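Chemist: Please read through the structure below; I'll follow up with questions.
Every read-out reported here was derived from the displayed coordinates using simple, explicitly stated rules and does not represent laboratory data. This structure is a prediction, so every number in the text was calculated from the model and none was measured. All Cβ positions, glycine included, derive from the backbone under ideal geometry; neighbour counts span all protein chains shown.
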Amino acid sequence: MRYWEACEAQVTVAEAIDECRKRGITAVAREADGALIDKDSGDLIGLPDDDGEFYGGDILGFLGY
């Protein structure tokens, strides 16, 4: 997948967690609002949309791409 395609993609929580895991980040979904956070630092990675999916650009931005 090209970078711009990945930025515009919608990904599931499982896909986002897996992508973070590949980069050494332990991501978890926060129970209160479903937000994806870095378990170790508590930093926000991304917020889910109305369908519970995440914007690929948020995930890539957190990972430093």
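Chemist: Quickly run through region 2-43 and pick out the residues that are of a type in the set (Val, Ile, Thr) and loosely packed, with under 13 Cβ neighbours inside 10 Å.
Modeler: Thr26, the sole residue that qualifies.
Chemist: Also: Can you tell me how many residues within region 1-44 are within 9 Å of the chain's Cα centre (by Cα) and of a type in the set (Phe, Trp, Tyr)?
Modeler: 0
Chemist: Let me ask something else. Confirm whether Asp50 is out of contact with any Leu (no Cβ under 8 Å at 6 or more places or on another chain), without any contact (Cβ under 8 Å) to a residue 60 or more places away in the chain and surrounded by fewer than 12 Cβ atoms within 10 Å (Cβ to Cβ).
Modeler: So Asp50 fits the description; yes.
Chemist: In region 1-29, what count of residues is obtained for those that are farther than 21 Å from Asp50 by Cα and touching a Leu at 6+ places or on another chain (Cβ under 6 Å)?
Modeler: 1
Chemist: Scan the helices (runs of 4 or more DSSP H) fully inside the chain and keep the ones with 3 or more residues being of a type in the set (Gly, Ala, Ser).
Modeler: So the answer is 56-63.
Chemist: From Ala27, Ala9, Ala32, Ala16, which residue is without any contact (Cβ under 8 Å) to a residue 12 or more places away in the chain and either under 12 Å from Leu60 (Cα atoms) or aliphatic (A, V, I, L, M) (or both)?
Modeler: Ala32
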